[in-house]
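Before we start, here is the structure in question, set down as structure tokens.
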Amino acid sequence: MSNLIDDLEKLRDEARTALADVIDLEQLDVLRVRYLGKKGDLTAILRGLGELDASERPLVGARSNEVRAALEAWIAERREALAAHALEERIGAEKLDITLPGRAHPIGSQHLISRIRDEIIDVFIGLGYQIVEGPDVELDFYNFDALNHSAQHPARSASDTFYVRDYSGDEHVGPEPSAVLMRTHTSPVQVRTMQEQKPPIYILAPGKVYRRDVADPTHLPQFTQIEGLVVDEDITFADLKGTLDHFVHAIFGPERRTRFRPHFFPFTEPSAEVDVSCGICDASGCRFCGGTGWVEILGCGMVDPNLYRYVDVDAERYTGFAFGMGVERIALLRYDIPDIRMLLEGDMRFLRQF
Ligand code: PHE
């Protein structure tokens, strides 16, 4: 029996020393298993109990309980101390350096196309124009018929225009429309506006337009146009010229000149295309302007009185002008961007420059 008591005491003393040297919770756990675990030292000693006299067992049992209790208490004590220490160390290591600059959250900014669009809008708001919008998905009546396009006009062909639905083959009762399409220009807003408003009309209609073009350095299948329409008494071509000169100077700078070249549009008569003097060579001719000294920026003309037949405007009393420009193209010219697709590629290194 004294053997077992000795073993218990030896275990207790050894454990006390070992526990005092433990430096972390993992080591502590290893020792706990070694001394108190199911296959541990204490269990091993107690296996000897069976060989003792029944009279001796209670005493050894009591001593072993004391040793177990002592070990458990020391282990708990060490655990608490080690945990507190670990926490302190962690807090020490995690010190916040409040002198570090904060992490910046990048905020978005307006895309170049929207910015130029808004700048153009501002110029015309300054002239008293009202901003209106029309639908991107349009009836062919507004996109073509009411704009004086003949039934055979090439722009109507399926290779030039995105059709949403073509009713022309259907048997249908009632008047046209015969097709729904993605508008190919913002000019249908002219007709919609004249249907709804009486002159004087001074409107600007920005929006997206769609054409079956393959994207290349100067074309996109979807782009942005801005349409202008003025209908009032005594409106002449001089008003159109003065208005567009003002616009060009506001957007490109006062030193730039304009040039009106005769052209044809079904819904204006006379019609013109407007060029701006090349900003790179000052109209002396360079590679950017193809040697001509001029770059085209828009189409325009006097409203063809034929259009007034579709809307309730008195052609004897009123005259008007209209113009339509491509916003992306104006962005290219203003910033000497060589390829229109760069605007839509989403390369931040490019877009951040503006
Ligand atoms: N809608 C024409 C185009 O897209 C431009 C234009 C608008 C021409 C208004 C004259 C008057 O090409």
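The values are calculated or read from the model by the stated rules, or taken from the named source; none is laboratory data. Values in this document were obtained by computation on a predicted structure and should not be read as measured data. Every residue, glycine as well, gets a Cβ built from its backbone with ideal geometry; the counts of neighbours run over all protein chains shown. What goes into the accessible areas is simple: the full protein's heavy atoms, side chains included, and nothing from ligands, DNA or RNA. Shrake-Rupley method; radii C 1.70, N 1.55, O 1.52, S 1.80 Å.
Of the beta bridges DSSP finds with both residues in the chain, what % are antiparallel, to the nearest 5?
Working: 45 of 47 bridges.
Of all bridge pairs located within the chain, approximately 95 percent are antiparallel.
Report, in whole Å, the centroid distance computed from the Cα atoms of the range 74-117 and the range 194-235.
53 Å
Multiply the residue gap between Asp160 and Ile121 by 0.36 nm, knock off their C-alpha separation, and tell me the result in nm, one decimal place.
On the way: separation 39, 0.36 × 39 = 14.04 nm, distance 2.83 nm.
Gain on stretching Asp160 to Ile121: 11.2 nm.
Over the Cα atoms of the range 112-351, what is the Rg over Rh ratio if Rh follows Kirkwood? Display every interim value, and only then the final one.
Details: Rg = 18.3 Å, Rh = 18.8 Å.
Across the range 112-351, the Cα-based Rg/Rh ratio is 0.97.
Okay, next question. Probe of 1.4 angstrom, ligands and nucleic acids ignored: what's the accessible area per residue over the range 2-93, in square angstrom?
Numbers: 6100 Å² over 92 residues.
I get 66 Å² per residue for the range 2-93.
Please compute the modelled spin-label separation between Leu59 and Ile98, points set 7 Å along Cα→Cβ, answer in nm with one decimal.
Computed distance between label sites Ile98 and Leu59 equals 6.7 nm.
Run lengths n ≥ 4 of DSSP H only: what is the helix-derived mean residue ellipticity at 222 nm for the chain, with -39500 (n - 2.57) per run over all residues, to the nearest 500? Before the final figure, lay out the partial values.
Working: 10 runs with 131 residues, N = 354.
Theoretical 222 nm ellipticity from helices: -11500 deg cm²/dmol.
Here's a follow-up. Name the lysines eligible as straight-distance cross-link partners of Lys198: C-alpha to C-alpha under 24 Å, and not fewer than 8 places from it in the same chain.
Lys241
Here is a follow-up. By a straight-distance test (C-alpha under 25 Å), which lysines pair with Lys39 as possible cross-link partners, with residues fewer than eight away in the same chain excluded?
By straight Cα distance, Lys39 reaches Lys10.
Mind checking Rg over Rh on the range 275-352, alpha carbons, Kirkwood formula for Rh?
On the way: Rg = 18.4 Å, Rh = 15.4 Å.
On the Cα set of the range 275-352, Rg over Rh gives 1.19.
What GluC sites (Glu not before Pro) does the range 246-296 have in DSSP loop regions with at most 12 other beta carbons within 10 Å? Mind dumping the intermediate values first?
Working: sites: Glu255, Glu273, Glu296; in loops: Glu255.
Loop-located and lightly packed - Glu255.
Right, another one. Beyond 20 Å, what percent of the Cα pairs of the range 194-336 remain? The partial results should precede the final answer.
Values: 5262 of 10153 pairs.
Here the tail beyond 20 Å accounts for 52 percent of pairs.
OK, next. Rounded to a whole number, what % of the accessible area of the range 219-343 do carbon and sulfur atoms account for, probe 1.4 Å?
On the way: 2680 of 5460 Å².
Here carbon and sulfur together make up 49 percent of the probe-accessible area.
Right, next: Leaving out ligands and nucleic acids, and using a 1.4 Å probe, what accessible area per residue does the range 112-351 come to in Å²? Please list the in-between numbers first.
Details: 11420 Å² over 240 residues.
Each residue of the range 112-351 exposes 48 Å² on average to a 1.4 Å probe.
About its Cα centre, how strong a charge dipole does the chain have in debye, to the nearest 20, once Lys and Arg get +1 and Asp and Glu get -1 at the Cβ?
Details: 39 positive and 58 negative charges, 137 e Å.
Dipole about the Cα centre, nearest 20: 660 debye.
Computed on alpha carbon atoms, what radius of gyration and Dmax characterise the range 1-118, expressed in Å?
Expressed in Å, the Cα Rg and Dmax of the range 1-118 come to 29.2, 104.
I would also like to ask the following. Report the extension gain between His263 and Glu88 in nm, rounded to one decimal, defined as 0.36 nm multiplied by the number of residues separating them, less their alpha carbon distance. Numbers along the way, then the final one.
Details: separation 175, 0.36 × 175 = 63.00 nm, distance 8.32 nm.
The span from His263 to Glu88 would gain 54.7 nm if fully extended.
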